[in-house]
Amino acid sequence: MKDLINTIQHLLEAFFQEVGDILLFTGDVVRQFFTAPFEWKELVRQAYYIGNKTLPLIGITGFIMGLVLTMQSRPVMESFGAESLLPGMIAVSIIREIGPVITALLCAGKISSGIGAELGAMKVTEQLDAMEVSGAKPLNYVVATRVLATTFLVPVLVIMADVVGLFGSYMAIAMNEDLSFMLFLSLAFDSLSFVDIIPATVKTFIFGFFIGLIGCYKGYTADRGTESVGRSANSAVVTASLVIFIIDLLAVQFTSLLGAS
Amino acid sequence: MGKSKSRSFKLGLFVSAGVLLFMLAVYYLGSKQNLFSSSFTVQSRFYDVKGLVEGNKVRYSGIDVGTVSSVKLIADSTIMVELSIDERVREFIRKDSKVEIGREGLMGSKLVFIHPGTAVAGSIGDNGELESVKSVDIEEMLREAQKIIDDGRAVSKNLLAMSRKINEGEGDLARLINDNTITTTLSQTGDELLGIAQNAREITEKVNKGEGDLGRLLNDTTITFQMNRSLSQLEEVGANADTFTQEMAKFGKALNNGQGLLNRLVYDSVMAVHVDTTIVKVGEGVDDVVETAEAIRESWLLNLFSGRKKKKVEK
Amino acid sequence: MEIVIDIKHLKKAFKRNEVLKDVNLQLAKGENLVILGKSGTGKSVLPKCIVRLIEADRGEIHVLGKDILKLEATELDEVRKKVGYLFQGGALYDSMTVKQNLVFQIRRTQLEKNKAELRDLVEEALANVGLKDAMQKMPAELSGGMKKRIGLARTLILKPSIILYDEPTTGLDPVTAGEISELILDVQQKYNTSSIIITHDMKCARMTSNSIRIMKNGKFEVVGSYDELRHSDDPEVRAYFS
């Protein structure tokens, strides 16, 4: 019993410690955004690399997401005789929630782990130390650029996933009935308002920021030793996914708060 | 290291607690959305709240003005519902405002409607009680509507049958309107009266000539008197026919202008056509009656007292 | 004799593990100082403390007359430019070519230089380590010894007055290790640098050292030249030389 309490206490301590460390790290990184010199070249390189690496995955997943969601929702809507509401419903659920969250989770799996492993390896092989000693701040050159790249790339990827997802949804509808793509789009966008789009978009920027940040943090704080590279990649995915859900929860609440007033 | 550890630990604890508090606060706000603005409470008793729960909206003339703050069962058939209402609308909620439980759309969530009261009653105070109105539920409404539709259908069916009967000439009214037997009968009557007059002439002739016992017995003046009486009776018949045509015209007008019960309940173009034809026919009937009356005048009323009677008979 | 590094009563602990207890060290100008010690005694912690990659708990470190532990970030960068650091694996940036690795090192400090001058600097540094041909190669294509040489070239490009070698010969075959040791000597002679060499390779120590410290229990308990220590009475010291 005492052991159990001790364990819980340690776990809580470790948790709060981790949260605090991440926040301090976040503060350091954000400070780097405004510190000269700004590494535009590295930012563009990272953005290209991240986008290029993730685009096919996001495209395929987005398409299947829209297709399956529509096929699954169709019988329910049919039983209400409300098939014409299907495009609107799918559009709202993809753009508001499923698009951002699924894409963010995929990016956590793909980008966060990649960054975690890369920085973990750099840490283990003392590349970060070497950079530090040479007067190039790794926080500035390595971390800030990656975090900014994901912050701006994830929203783009989310929009891609939304578009491809809607197209998948159209395909699923077109299988069953004769609906023109223009009518589908008009039905889909009729049910959307800025209240749907703006918080969902703002949310994706935050997702992107934390996907990059958690990956960097986990890599940056990797222990010595080769096995810690794998560990930081793994824990980057887990932590980033968890953070995405927490942010999503907060965002939903925040939106409802704004919507209510 | 030790210092920085405790610093990040404190920061983590602080921020985690902050996030948790934020979440709880938002949930709390979600259930009581009027937390920020000042509000007051009113109550109302219901027999059935139909699934109303805490947090449902309260509407006044279609505007959201508050939320349901509690739903309590206070006796086996009484439920006390407390409404938390925005202070700013207090002056519009009168003591005699009525509260009703309704539904947002056909499938939406339950809400409470407050119906405006009268200005004379004055605004309600804190914890005031408003009278509840038994609301119509959709099932009940549909049942009522079905009844109304059935009734309406029966009425229109009756009207249809009625107009058809009028048209096809069954019954007294129809016969009066459609048949010209009356005029024929009247003209027959005229003919018969003519016959009588002829007979009378013969009799008078016989009387004049002093033929037979009866002629001798009867006085000329008596016959004249009797003839006079029958004439005045015929005049009455004519007057009655006149009033009847007037009544008929009124009826037609009423039908035409749609003030009658029939037209108000069922507005039917078929019916309107029927009514139209009916009126035309009534008009024709009236014409006929007028003609008849004239014929009567011309045929025997004047003939009886002027020389033309003889002329006509001779002819 | 000019002292370039002066360490007094340095202490460093990781949680409860006191790695450095009371370290005192003086490095003279142009001297090659070798630090020996068993694995896990925290030999590698010391050079990291000197460039403040690891924050020391207590004590003083003077590098080129400046108290390292009390410097602001910008002042620290100035000192770091004069202190070269050769990491264990060379620590080449994986995502860059050899040339970019070297350019990265100087672009912060020598932004005013044009492309031709940069190229000359890079070529000179690579020529120093005998790897002029490797300019366009990626670090993954290089062997361990080559990585160390490139790492050294990257350090030399800034023309430091002090170089810290963290296990320069570890993990290399004896021949390559010998070549690296030669290179260390070459650098010392060519640029008159002062060096601290952390190693447990006795051949390297013999070749490069002017003076040797042996770390034990977080302190330098034994001081002396290679020859002095080889004939030490202490069996523990002699054990290094067997």
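A short reminder: the numbers here are calculations on the coordinates, not readings from a lab. Here the structure is a predicted model, which is why all the values come from computation and not from measurement. Reconstructed Cβ throughout: ideal geometry from the backbone, glycine too, with neighbour counts over all protein chains shown.
Of the beta bridges in the protein assembly as shown, as assigned by DSSP with both residues counted there, near 65 percent are antiparallel.
Only Cα pairs under 8 Å and at least 6 apart count here; give the relative contact order of the stretch B:31-135 as a rounded whole percent. Worked out over the stretch B:31-135, it gives 32 percent.
Sum up the lysine pairs in the stretch B:31-135 that clear both bars: alpha-carbon distance under 19 Å and a spacing of 8 or more or different chains. So the count of such lysine pairs works out to 17. Less than 5 angstrom separates the built amide H of residue C:93 from none of the residues sequence-distant by 5 or more or on a different chain. The mean sequence separation of alpha-carbon pairs under 8 Å and at least six residues apart, normalised by the residue count of chain A, gives a relative contact order of 32 percent.
Here the residues B:166, A:111, ranked from fewest to most Cβ neighbours within 10 Å of their Cβ, fall in the order B:166, A:111.
Considering helices alone, the calculated mean residue ellipticity of the protein assembly as shown at 222 nm is -20000 deg cm²/dmol, with DSSP H runs of length four and up weighted by -39500 (n - 2.57) and normalised per residue. Helix C:98-107 axis versus longest C-alpha principal axis of chain C: approximately 80°, rounded to the nearest ten. Expressed as a fraction of 2.2 N^0.38 Å, the C-alpha radius of gyration for the protein assembly as shown is 1.94.
Annotation: the residues B:70, C:44, sorted from fewest to most other C-beta atoms within 10 Å of their own C-beta, follow the order B:70, C:44. Summarised in one figure, the compactness ratio Rg/Rh of the stretch B:35-90, Cα atoms and Kirkwood Rh, is 0.99. For the stretch A:1-59, what class follows from the C-alpha gyration tensor (a ≥ b ≥ c being the square roots of its eigenvalues): rounded when a/c is under 1.5, otherwise prolate if a/b is larger than b/c, else oblate? It is oblate, given that a/c is not under 1.5 and a/b is not larger than b/c. Dimensions of chain C based on its C-alpha atoms, expressed as ranges along the principal axes with the largest first, amount to 55, 43, 37 Å. Computed packing ranks the peptides A:19-25, A:54-60, C:67-73 as A:19-25, A:54-60, C:67-73, most packed first, by mean other Cβ atoms within 10 Å. Where a ≥ b ≥ c are the square roots of the eigenvalues of the C-alpha gyration tensor, would you call the stretch A:63-150 rounded, which needs a/c under 1.5, or, failing that, prolate if a/b is larger than b/c, or oblate? It comes out prolate by the Cα gyration axes.
With one equal scatterer per alpha carbon and no solvent term, the Debye-computed log10 I(q)/I(0) for the stretch A:39-260 at 0.11, 0.13, 0.15 1/Å reads -0.59, -0.76, -0.93. Projected onto their three principal axes, the Cα atoms of the stretch A:174-261 cover extents of 60, 41, 16 Å, largest first. A cut-off of 5 Å between modelled amide H atoms, ignoring neighbours fewer than 5 places along the same chain, links residue C:36 with C:213, C:214, C:215. The long axis of helix C:174-191 is offset from the longest Cα principal axis of chain C by roughly 80 degrees.
Pairs exceeding a 18 Å alpha-carbon distance, out of C:8/C:219; A:218/C:43; C:21/C:81; C:21/C:70; C:8/C:70; C:11/C:70: A:218/C:43; C:21/C:81; C:21/C:70.
Cα-Cα over 21 Å: which of A:123/C:190; C:48/C:148; A:41/A:137?
Distance filter (> 21 Å) returns A:123/C:190.
If contacts are Cα pairs under 8 angstrom and at least 6 residues apart, what is the relative contact order of chain C in percent? For chain C, the relative contact order is 27 percent. Quick one: Cα centre-to-centre distance for the stretch B:38-85 and the stretch C:9-45, in angstrom? Taking the Cα centre of each part, the stretch B:38-85 and the stretch C:9-45 sit 76 Å apart.
Semi-axes of the equivalent ellipsoid for the stretch B:31-135, computed as √(5λ) from the eigenvalues of its C-alpha gyration tensor and ordered from largest down, come to 19, 16, 14 Å. By the beta-carbon count within 10 Å of each Cβ, the least crowded to most crowded order of C:196, B:74, A:102, fewest first, is B:74, A:102, C:196.
Across all directions, the shadow cast by the convex hull of the stretch A:142-199 built on its C-alpha atoms averages 5.1 square nanometres. Relative to the longest principal axis of the Cα atoms of chain C, the long axis of helix C:115-128 makes an angle of roughly 40 degrees. Helix screen, chain A: DSSP H segments with Cα axial length of 15 Å or more and mean Kyte-Doolittle hydropathy at least 0.5 are A:113-124, A:145-176, A:194-220, A:227-260.
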